[in-house]
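Any read-out appearing in this document is the output of simple, stated calculations on the displayed coordinates, not a laboratory observation. Predicted model, so just to flag it, every value in this text is computed and none were measured. We place every Cβ from the backbone using ideal geometry, glycine too, and count neighbours over all the protein chains shown.
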Amino acid sequence: MGTNESKPPTPPVYTRTGDQGQTSLRGGARVAKDHPRVELLGTLDELLAHLGTAVSRTEPGWLRGRIEELQEIVFVACGELACPDEEARADLDRALTGRDVARLEAIVDEVRGRTPVAPRFLFPVRGAAVALNVARTVARRAERRLCTVLHDEGAFNPSVLAVINRLSDALFALTWSAETKGESPNH
């Protein structure tokens with residue numbers, strides 16, 4: 001922009017709408033900040049932060065590409081789970097599907113086909129592997145939070161639960177790959 005052009009106003013970082021302990025879901029519904037759905041969304045946000053840490057500790061290549069795929073899937077899950085009803089979900093650009101479940105399973109199968117069999121428990125020490133393992137534990141917590149929302153609020157897109165379940169499997173496999181193969185199953 002030139003010096004004579006005006007910039008559009010920047011929205012404030014703070015809105016003050018949560019000062020009374022409530023927040024908005026997609027579509028405008030107001031709920032308490034400790035509502036189970038908000039807890040779930042916060043856990044998925046934490047998962048995205050840990051995936052970002054893993055990306056930052058990974059060189060461009062196969063592993064980084066898979067982590068970025070997981071980030072995109074979790075981001076879609078967040079959008080979908082921020083919708084408390086069908087009306088709010090109608091505005092979504094994308095919802096989770098069986099293709100997302102299949103993609104996560106394919107990542108696991110690819111790692112299993114190229115690396116030695118993983119132990120039942122991992123104790124990673126390499127940078128990206130540690131970040132992925134933390135992400136895996138947060139994904140497991142997200143799955144528990146999702147079950148709470150499911151029990152409290154009833155049915156929703158069945159692909160969501162399957163995707164969140166497969167996320168921890170994919171993260172386990174990627175952790176093992178990062179720990180044993182120099183962050184890529186192609187090494």
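Could you tell me how many degrees, from 0 to 90 and to the nearest 10, lie between the Cα long axis of helix 62-81 and the main elongation axis, the longest principal axis, of the Cα atoms of the chain?
30
Give me the distance in nm between label points sitting 7 Å out from Cα along the Cα-to-Cβ direction at THR148 and VAL31, one decimal.
Once both label points are built, they end up 1.1 nm from each other.
Dipole of the range 74-116 (Lys/Arg Cβ +1, Asp/Glu Cβ -1, origin at the Cα centre): which of VAL76, ALA88, VAL108 lies farthest to the positive side?
Value: VAL108.
Of all alpha-carbon pairs in the chain, indicate the percentage at a distance above 22 angstrom.
Working: 8956 of 17391 pairs.
Counting every Cα pair in the chain, those more than 22 Å apart make up 51 percent.
For q = 0.10 Å⁻¹, what log10 I(q)/I(0) does the range 32-122 give under the Debye formula with an equal point scatterer on each alpha carbon and no solvent?
Computed log10 I(q)/I(0) values: -0.35.
Ranked from highest to lowest mean number of other Cβ atoms within 10 Å per residue, what is the order of the peptides 85-98, 140-153, 167-180, 61-74?
On the way: 85-98: 13.0, 140-153: 16.4, 167-180: 23.9, 61-74: 19.4.
Averaged packing, sorted descending, gives the order 167-180, 61-74, 140-153, 85-98.
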